[in-house]
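Since the structure comes first, as structure tokens, the remarks are kept for the end.
The values are calculated or read from the model by the stated rules, or taken from the named source; none is laboratory data. These figures come from a predicted structure and were not determined experimentally. All Cβ positions, glycine included, derive from the backbone under ideal geometry; neighbour counts span all protein chains shown.
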Amino acid sequence: MERVAPNGQFKDVGVDQLFFSTTDAQGRIQETNNTFVELSRYTEEELRNAAHNIIRHPFMPGGVFKIMWDKLQRGETFAGYVRNLAHSGETYDVFATVTPIPGTHDYLSVRQRPCHDDHRALAMTIYAEVGDYEAQLRKDGMSAREAAEAGAGLIGDKLRESGFDNFDAYAHAMLPWEVFCRENMSTGLPQREVAGDLGTELAQAHDVHDHLDEWMLRLDELLTTAQQLGEAREELVDSLGQTSSLGDTIDARSASETLQIVQFQLNVWKGMQKIVDSYVVELAELITTLANDTLRERFQISVSRLHTAMLATFLAELIDGTSATANTEHKVALLKATMRDSLEAIDRGAFHRAQLVRSTISCIRTVTSLMESPRSLLTEAIREAQSLNNDELSAAIATELERSERAANNMHQLVATLESTATTPDIAAMLAEL
């Protein structure tokens, strides 16, 4: 089929214009819904078995698709901004997810309108630079495959310059934002009061989406808690350092036998600092892992929410009779199979995350328990300094005691919040809806 050139016209995808296609391992289109047919300006017959790059816009760098295929071949989901080209020459941007279909060698791609303008602008700025870079490499004699691989590396570099560790970190941030923004702009999942299998399946899709929405709110709270834990740990480290140095302060300012005993005990505790530090380091690692795992779980739930919305939209098209596409039962089965697979992935991730939460709670309790001994010594030192009318020393110790108690209390409060997130979503109930 003859390649189409962009005509300079740009078309916005509607907020509720969700669409999908499936492709085989060679990138040939197998199935589509009616919205994809409408936006692409090809017929369904023209699309079937055509290479998916039939809609590829020349603006898109090969590096994006190199990243996508690498992820798919690892069995992972790709998510990112893509610029497409319709048969009419019109340009339209989408935010796309591509997911392996379980039990097959095929892939499901679900696309939506890009709803976060700043995020899309960043992607398109990077794509423009990478596209120019790849074009120069090809001009210099490099193959398209080699140029795409180099382009993928440059995309990673540009994302790091923008504050993302890698493409995965970028995708884990972008997809939840895009799904959230689209849902806020949307009128919601389509509602149809009809009997029969299609009506039942649509109602089930609503139930699953509600479950996912509730669980996403919990994960948002957990992510906030993980960030607060990182800040509280820094406060804790500062407090531990100040407490360790108080032994020298007391020694320099005291003539009391009681204070000398306290000073000796604080120095003994200071000698245990390596043990305490090991727990603090472990806590830092747990907090980082918890935050990263929560981001991955939010990403997976966002994939499931998008798939659920796609299924509901397609079912509504079938109920309304507006979808003239063939193989409708097969398409519904593919959408549901991919939803089931993503829900099972959430279940696995949630189980691991719950274990991680419990380990984090245990480590926090160990650290705060180790802080109790020096706090009791500081309390005794304050009383002795006050009895000696040593106001300067009393104030110095009181400041550190307050800092230590504040750090411990913050940790205790965050533990209470963490305990409420150690549960896992009722995936069995969601799977039963399918």
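Quick rundown of the values:
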| quantity | calculated |
| --- | --- |
| Filtered residue count, the stretch 16-38, keeping only those that are assigned to a helix (DSSP H, G or I) and surrounded by fewer than 22 Cβ atoms within 10 Å (Cβ to Cβ) | 3 |
| Options Phe36, Phe19; residue that is closer than 25 Å to Ala173 by Cβ and within 30 Å of the chain's Cα centre (by Cα) | Phe19 |
| Counted residues, the stretch 43-62 - those being closer than 26 Å to Thr125 by Cβ and part of a loop (DSSP other than H, G, I, E, B) | 5 |
| Selected residue (criterion: nearest to Val280 (Cα to Cα)) from residues of the stretch 368-393 that are polar (S, T, N, Q) and crowded, with 16+ Cβ neighbours inside 10 Å | Thr368 |
| Test set (1) buried (at least 20 other Cβ atoms within 10 Å of the Cβ); (2) of a type in the set (A, V, I, L, M, F, W, C); (3) assigned to a helix (DSSP H, G or I) - Ala79 fails condition number | (3) |
| Which listed residue is among the basic types (Lys, Arg) and at pLDDT below 85, from Arg375, Arg358, Arg340 | Arg375 |
| Lone unmet requirement of (1) within 21 Å of the chain's Cα centre (by Cα); (2) under 30 Å from Val37 (Cβ atoms) for Gly156 | (2) |
| Cβ pairs under 6 Å, 6+ apart, first in the stretch 375-392 and assigned to a helix (DSSP H, G or I), second surrounded by fewer than 16 Cβ atoms within 10 Å (Cβ to Cβ) | Glu384/Thr258 |
| Residue in the stretch 139-169 that is farthest from Val64 (Cα to Cα), counting only those that are surrounded by fewer than 15 Cβ atoms within 10 Å (Cβ to Cβ) and among the basic types (Lys, Arg) | Lys139 |
| Hits in the stretch 82-112 - residues which are farther than 18 Å from Ile55 by Cβ, outside any strand (DSSP E or B) and touching a residue at least 12 places away in the same chain (Cβ under 8 Å) | Ile101, Pro102, Gly103, His105 |
| Meets criteria (β-branched (Val, Ile, Thr), outside the structural domain of Val110 (by TED's automatic domain parsing) and assigned to a helix (DSSP H, G or I)) for Thr423 | no |
| Boolean, Thr104 is more than 21 Å from the chain's Cα centre (by Cα) and modelled with pLDDT under 95 | yes |
| Lone unmet requirement of (1) surrounded by fewer than 20 Cβ atoms within 10 Å (Cβ to Cβ); (2) modelled with pLDDT of 95 or more for Val64 | (1) |
